[in-house]
Amino acid sequence: MYISPQSQIPLTWPILLAPLLVAAVLIFLVSLFREPGRRKFSAVFLAGAGAAYLSGGLGLAEFAFCALITFLAYRGLDNYRYIAIGWVLHTCWDLVHHYHGNPIIIFDPTSSIGCAICDLGLAAYYAIGAPAIVRNAAIQKRA
């Protein structure tokens, strides 16, 4: 079994906790959108993430994964469950890349494992229906 160089880097607390902070910031910002804009933006965001690895070193599997995520994003236009499933699958794809492919950010060898952690946070948020974090009507009016 081939183990890629990025999987040999020791995972420290900053490497593991920083993606959770990124997920929290993304969740906060996404929650500022009013519905149905929040769900629509989230579906488009997932679709973009599905294309992130298109030249990630796993050949035709990259295109199949992109097609699957695009389908889930389309279904996510109407239902957050599909968006949550898409982020869980993206987490799995991040792990495959951490161990066998190229990192998502070529100059950051821990980016795929970081992305996996962040994506699980996003999946959890969408699994509970992507609620608004701030209930301030003035802020949500502007979003």
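Every number here is computed from the coordinates shown, using simple stated rules; none is lab data. Since the structure is predicted, the reported quantities are computational estimates derived from the model, not experimental observations. Backbone-built Cβ (ideal geometry, glycine too); neighbour counts: all protein chains shown.
Per-structure values
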{"item": "Stokes-Einstein D for the stretch 40-115, Kirkwood Rh over Cα pairs, 20 °C, 1.002 mPa s (µm²/s)", "result": "175 µm²/s"}
{"item": "On Cα atoms only, tilt of 13-31 relative to the major axis of the chain in degrees", "result": "30 degrees"}
{"item": "Alpha-carbon spread of the stretch 15-143, three principal axes, descending order, Å", "result": "46, 31, 21"}
{"item": "Karplus-derived HN-Hα couplings along the stretch 111-120 (A = 6.51, B = -1.76, C = 1.60, θ = phi - 60°), whole Hz, x at Gly and Pro", "result": "5, 5, 5, x, 4, 4, 5, 4, 4, 5"}
{"item": "Stretchable slack from residue 105 to residue 51, in nm (0.36 nm times residue separation minus alpha-carbon distance)", "result": "18.1 nm"}
{"item": "Protection-proxy order for peptides 89-95, 25-31, 10-16, each taking the mean of Cβ atoms within 10 Å per residue, highest first", "result": "89-95, 25-31, 10-16"}
{"item": "Computed E for residue 17/residue 63 - FRET, C-beta separation, R0 25 angstrom, nearest 0.05", "result": "0.15"}
{"item": "Percentage relative contact order, the stretch 5-143, counting C-alpha pairs under 8 Å, at least six apart", "result": "34 percent"}
